[in-house]
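Inspection log for the structure reproduced underneath, given as structure tokens.
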Amino acid sequence: MQLENNMLWFYESIFPALWIGFLLYWQIKAANTKMTTRFESAGSRIVRSVVFLIAIALLSLPHIPLPWLYRPIAPYSLWMFWLGAAITAAGLLFAIWARHDLGANWSRSVTIKQDHQLITSGPYALVRHPIYTGILTGFLGTALALDQIRGPIAFLLVFAALWYKLRMEEHWMRGQFGDAYAAYSRRVAALVPFIL
């Protein structure tokens, strides 16, 4: 879709507000976490950050000098725009719920915390990595609302970065929690309930 002027204003105003509010919440909650005993490498964190920055640029910059990125995927649809907005909000709220339930065990990077606990309730009873599910859902909704080729590209970049992080985290959690994590992973899907 080629966003009409009023929808373009909404996309350029409200979507950043949703994401900035989400990131502010994240920053505020980051202050109250447990001490880290094991950290992923700086290189891994930097690569993931660069991938996220590229995805954000794809979704937010109005004039990237590659015109094909702005080609519409489908004919303009107002309901698809609002569906994308609702999916974005729902995804970010799901990630916030998961972040709240994870509490002091959370970190930006793949880590093992002092007295790390295996959380399996709340959103963690639905998927093992609900923060990633929520963030991916937020990016999916934003891409749907934009309805241009750059949207799916940004989504796939974020998916690849989070999938790599998820695989590393799974390995560390199995090492930390052994049979308890193995049983949990057999019972609960990683990202999409009952599917993936």
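Readers should treat all values here as calculations from the given coordinates under stated rules, not as data from a laboratory. Just so we're clear, the structure is a prediction, and the values are computed from it rather than from any experiment. Methodologically, a virtual Cβ is constructed for each residue, glycine included, from the backbone with ideal geometry; neighbour enumeration extends over all protein chains shown.
Counting other C-beta atoms within 10 Å, which of MET35, MET173 has the fewest, and how do the rest follow? All intermediate terms of the calculation are to be shown ahead of the outcome.
Details: MET35 9, MET173 21.
Lowest to highest Cβ neighbour count: MET35, MET173.
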* Those trypsin sites (Lys or Arg not before Pro) in segment 49-137 that DSSP places in a loop and that have at most 10 other beta carbons within 10 Å -> none
* **Structure-derived Rg/Rh (Cα atoms, Kirkwood Rh) - corresponding label in (1) 1.00; (2) 1.02; (3) 0.95** => (1)
* Asked: 222 nm [θ] for the chain, helices only, -39500 (n - 2.57) per DSSP H run of 4+, per residue, to 500?
  -> -21500 deg cm²/dmol
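Would you mind ranking TYR25, TYR124 so that the residue whose beta carbon has the fewest other beta carbons within 10 Å leads the list? Please list the in-between numbers first.
Details: TYR25 15, TYR124 18.
Arranged by neighbour count, lowest to highest, TYR25, TYR124 become TYR25, TYR124.
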* Asked: Anyone know which of ALA160, ALA89, ALA104 comes out most mobile in the 10 Å Cα GNM of the chain?
  -> ALA160
